[in-house]
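> Can you read through this structure? Questions will come right after.
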Amino acid sequence: DFSKAMSQAGTSQFQEVIRQELEYSMKVELDKILATASSNDLEHTKKDLEGFKKLFHRFLQEKGPSVDWGKIQRPPEDSIQPYEKIKARGLPDNIASVLNKLVVVKLNGGLGTSMGCKGPKSLIGVRNENTFLDLTVQQIEHLNKSYNTDVPLVLMNSFNTDDDTKKILQKYSHSRVKIYTFNQSRYPRINKETLLPIAKDVSYSGENTECWYPPGHGDIYASFYNSGLLDNLIGEGKEYIFVSNIDNLGATVDLYILNHLMNPPNGKRCEFVMEVTNKTRADVKGGTLTQYENKLRLVEIAQVPKAHVDEFKSVSKFKIFNTNNLWIALSAIKRLQEKNAIDMEIIVNPKTLDGGLNVIQLETAVGAAIKSFENSLGINVPRSRFLPVKTTSDLLLVMSNLYSLNAGSLTMSEKREFPTVPLVKLGSSFTKVQDYLRRFESIPDMLELDHLTVSGDVTFGKNVSLKGTVIIIANHGDRIDIPAGALLENKIVSGNLRILDH
């Protein structure tokens, strides 16, 4: 045992030496990059690289899954409240004064590349020519007009989305919404083999675009604080932010949740509220809330030891998942940021660049900070508050007659007999938005649809109705044109346009 202990001590010493060498090499490379910054860029580049250095240090310290599976427990009953209970409290007469304490923050760092679009995802048209950003502004404008309030919108952009977004924002200069932006950090991608940055200088245009990345939405706390906007909003008397992904069309301001935060029934305010919703088979990979070392903690699939991944995906054991709709106290962000006390697990995101080089991105997730805040709470909200548009299959749902649009908010049509959304799977011919739009002369009637699968070269004429389960598969080299006015109910349509009953 003595020799085993000695060899283990030797191994850990050796690992420590390697760690120190890697950190030193990283510091040398980052100093070289910083030396290429102009005097205008020097200050914020320095902040970015300092933040990255801290993250890299933690990455070298931590190995393996970041949770001890044996310590994971179900959250206590009162730590996840049903939305119905919060709604049942009703609203106070002075809801406008409560609203005036709120700031809406949208995470706007993503590009539309997964849907074949260039530029910010928030500028993709989703409904009647309205983009995600248009709908967001309309929602808040409607709130401000209805209650005579001043709820501002804050966009967290990335270096990928900032310029395009700012150009578009000019069109809202006369709307009744104050709009602010700040940029999340810009971190260097690192070579998977050498663990050194692939960037040689600070520029991020031309051939250097692949050298940098925005480090996930967990970066909101530091960037918001560093931008000075956090202090300004606190100075204006704002108390809470409602944070959500800009592509989640269900993430509208909920007055009942806001009232619960501002006027808690037990007199003790929550610093952090996470909206969760019940898992379906489609959500098995979503992060879930657990009790861990006496704190509410978000556990993501990447943190789970391999032997327990199936258990993590179990809908019966872990019934809820994080919608990434979060309500956070501004004063708490300031306090924790100043103490450097926001603890978020590192997500290692491997990528292969166009030239074939394997790199890694070190990221964090905004919801993972829940364990750093006091008196955190989960609220189990209706599924309608989680309506993300990640693919053209999602886009088809939100463009269809399943939803009606009112003041920027989408609501499920009352004509739909059951509140669940149909399962839609569009094949690779529909992945890009422009291909998808070309294949639908008009969006089909989907009010009575349960399941739609489309694969291959398929186009839809005007006024098609889809009901029940519809499967349309064009074999390689074949093409299927669904004629205008067609009604497909429980049908399988295969390669040569034979129509069978399902």
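The values are calculated or read from the model by the stated rules, or taken from the named source; none is laboratory data. Bear in mind the structure is a predicted one, so any value in this text is a computation, not a measurement. Cβ coordinates were reconstructed from backbone atoms using ideal geometry, including for glycine residues, and neighbour counts include every protein chain displayed. Only protein heavy atoms, including side chains, enter the accessible area calculation; ligands, DNA and RNA are left aside. Shrake-Rupley method; radii C 1.70, N 1.55, O 1.52, S 1.80 Å.
> Name the single residue that is most open to solvent (accessible area, probe 1.4 Å) among those in segment 75-107 being more than 25 Å from residue 237 (Cβ to Cβ) and under 24 Å from the mean Cα position of the chain (by Cα).
82
> Filter segment 118-171 for residues that are of a type in the set (Phe, Trp, Tyr) and either within 20 Å of the chain's Cα centre (by Cα) or within 27 Å of residue 204 (Cβ to Cβ) (or both); which is surrounded by the fewest Cβ atoms within 10 Å (Cβ to Cβ)?
159
> Need at least 1 residues that are modelled with pLDDT of 95 or more, of a type in the set (Asp, Glu) and open to solvent by 20 Å² or more (accessible area, probe 1.4 Å) per element, so show me which helices (runs of 4 or more DSSP H) inside segment 207-279 make the cut, counting only ones lying wholly within it.
In segment 207-279, the matching helices (runs of 4 or more DSSP H) lie at 229-235.
> Just give me the residues in segment 296-319 being open to solvent by 70 Å² or more (accessible area, probe 1.4 Å) and not hydroxyl-bearing (Ser, Thr, Tyr), in sequence order.
Hits for segment 296-319 are 302, 306, 307, 310, 317, 319.
> For segment 384-395, indicate whether the set of residues that are of a type in the set (Lys, Arg), open to solvent by 40 Å² or more (accessible area, probe 1.4 Å), touching a residue at least 24 places away in the same chain (Cβ under 8 Å) and within 30 Å of residue 458 (Cβ to Cβ) is non-empty.
Yes, the conditions are met somewhere in segment 384-395.
> Could you count how many residues in segment 425-464 are part of a strand (DSSP E or B), touching a Pro at 6+ places or on another chain (Cβ under 7 Å) and touching a residue at least 24 places away in the same chain (Cβ under 8 Å)?
Here the count works out to 4.
> Filter segment 450-488 down to the residues that are under 35 Å from the mean Cα position of the chain (by Cα) and either among the small types (Gly, Ala, Ser) or open to solvent by 60 Å² or more (accessible area, probe 1.4 Å) (or both) and list them by number.
If the condition is that a residue be under 35 Å from the mean Cα position of the chain (by Cα) and either among the small types (Gly, Ala, Ser) or open to solvent by 60 Å² or more (accessible area, probe 1.4 Å) (or both), then 450, 455, 456, 461, 462, 463, 465, 468, 473, 474 are the ones that fit.
> With segment 303-404 as the region, which helices (runs of 4 or more DSSP H) entirely inside it contain at least 2 residues that are modelled with pLDDT of 95 or more and under 18 Å from residue 290 (Cβ atoms)?
Answer list for segment 303-404: none.
> Output the residues belonging to segment 320-339 that are open to solvent by 30 Å² or more (accessible area, probe 1.4 Å) and more than 22 Å from the chain's Cα centre (by Cα).
331, 334, 335, 338, 339
> Oh, and also: Considering only residues that are open to solvent by less than 30 Å² (accessible area, probe 1.4 Å) and under 30 Å from residue 236 (Cβ atoms), which ones fall in segment 49-74?
51
> For segment 410-423, what are the residues that are open to solvent by 60 Å² or more (accessible area, probe 1.4 Å) and either assigned by the TED database to the domain that holds residue 82 or hydroxyl-bearing (Ser, Thr, Tyr) (or both)?
Correct list: 411, 420.
> Could you check residue 407 against (1) buried (at least 21 other Cβ atoms within 10 Å of the Cβ); (2) among the aliphatic types (A, V, I, L, M); (3) at pLDDT below 95 and say which number it fails?
(1)
> Filter segment 172-206 for residues that are of a type in the set (Phe, Trp, Tyr) and either modelled with pLDDT of 90 or more or in contact with a Cys (Cβ under 6 Å, 6 or more places away or on another chain) (or both) and give the result.
Those that are of a type in the set (Phe, Trp, Tyr) and either modelled with pLDDT of 90 or more or in contact with a Cys (Cβ under 6 Å, 6 or more places away or on another chain) (or both): 172, 180, 182, 187.
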